[in-house]
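Chemist: Pasting a structure here, questions to come.
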Amino acid sequence: MFPEKSTNLWVSFWESIAGIFYPNLCQICRAERATRPEGYVGIECRKKVKVIEPPFCETCGQHYFGEITQSFRCGNCSDQQIAYTSARSACIFAGPVMEAIHCYKYQRALWYEPFLSQLLLDAALPILSETSWDAIIPVPLFSTRQRGREFNQSERLARHLGRALGVPVLNKVLRRTRPTISQTKLDRTARKENMDGAFDLNQLPETPLVRVILVDDVFTTGATANACAIPLIKNGIQTVVVWTVARSEAR
Ligand SMILES: [Zn+2]
Ligand SMILES: [Zn+2]
């Protein structure tokens, strides 16, 4: 084994060799330097990330633009039955974050993962590390979709969070009961219908789960998060906190 310093030197050496084949270039703008540990997203593109800060709806995390000091529930949450305890996202689904998530998910651009997972960790760790958690549950893909894509982006992001928090990631607790159509062009009502009953309990560990973190890449209306939380709550889990990298504004 090399001492840690030497290992780092070796890593830097191989990174620079790899850089000959994979240039250290920001993959968003292709005009600035960015390295592999940065997820190939450079400083200028990172400045365009819109981090979500309070005030926001205490349930769904909908950002409120304006002066508000006390906790509040947005109109959408007041009108609906919501099974999850609360939902939070690291940043707005726009600009470099939107582009990175699209390429990561649909073109298997895994080099963006350090960028995306760090956004999630920066926002989630200060909040989640204050409490103890029994498990992290990624939103599952339908089996045929996962075989086609070869990976579940939510599970990969969940593993970064799990490592940082020291909480196990359980990817067999939930299963998707049927394929669902893409939500991107659906409005709020159609998204809910598309997701109703789309998830079921698959396998619970022997030790009962009480407090869990549900992880997904993007939160839009919360239809997916809610459809996942319903079977969890029905089966005795008391707290389901949802964390996503990004939040897209619902239509
Ligand atoms: Zn850039
Ligand atoms: Zn809300």
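Chemist: Give me the dipole magnitude in Debye, nearest 20, for the chain about the Cα centre, with unit charges on the beta carbon: positive for Lys and Arg, negative for Asp and Glu. Walk me through the numbers on the way to the answer.
Modeler: Values: 30 positive and 24 negative charges, 133 e Å.
About 640 debye.
Chemist: Just want the ordering: 122, 79, 134, from fewest to most Cβ atoms lying within 10 Å of their own Cβ.
Modeler: Listed from fewest to most nearby Cβ atoms, that is 79, 122, 134.
Chemist: Still on this structure, please answer the following. Based only on other Cβ atoms within 10 Å, what is the fewest-to-most ordering of 200, 187? Before the final figure, lay out the partial values.
Modeler: Details: 200 16, 187 11.
Fewest-to-most Cβ neighbours within 10 Å comes out as 187, 200.
Chemist: Work through the residues other than residue 143 whose Cβ is under 15 Å from its Cβ and net out their charges, Lys, Arg +1 and Asp, Glu -1. It would help to have the intermediate numbers written out before the result.
Modeler: Details: positive: 145, 147, 149, 172, 175, 176, 178; negative: 150, 155, 200.
It works out to a net charge of +4.
Chemist: What full-extension length gain, to one decimal in nm, is calculated for residue 24 and residue 94 as 0.36 nm per residue of separation minus the Cα-Cα distance? Walk me through the numbers on the way to the answer.
Modeler: Numbers: separation 70, 0.36 × 70 = 25.20 nm, distance 2.35 nm.
Roughly 22.9 nm would be gained on extension.
Chemist: Which longest uninterrupted range of the chain lacks any GluC sites (Glu not before Pro) assigned by DSSP to a loop state (not H, G, I, E or B) and surrounded by at most 12 other Cβ atoms within 10 Å? Could the numbers behind the result be given before it?
Modeler: Values: sites that count: 67, 130, 150, 206, 249.
Maximal segment without exposed cleavage sites: 1-66.
Chemist: Let me ask something else. Using the number of other C-beta atoms within 10 angstrom as an exposure proxy, rank 167, 242, 210 with the fewest first. Intermediate results must be reported in sequence, preceding the final value.
Modeler: Working: 167 20, 242 26, 210 13.
So the residues, fewest neighbours to most, are 210, 167, 242.
Chemist: Taking K and R as +1 and D and E as -1, what net charge do the other residues with C-beta under 15 Å from the C-beta of residue 82 add up to? Intermediate values should be presented prior to the final figure.
Modeler: Details: positive: 73, 88, 188, 191, 192, 234; negative: 58, 79, 196.
Computed value for this residue: +3.
Values quoted throughout were computed directly from the atomic coordinates according to the rules given, and no laboratory measurement underlies them. The structure displayed is predicted, hence computed values, not measured ones. We place every Cβ from the backbone using ideal geometry, glycine too, and count neighbours over all the protein chains shown.
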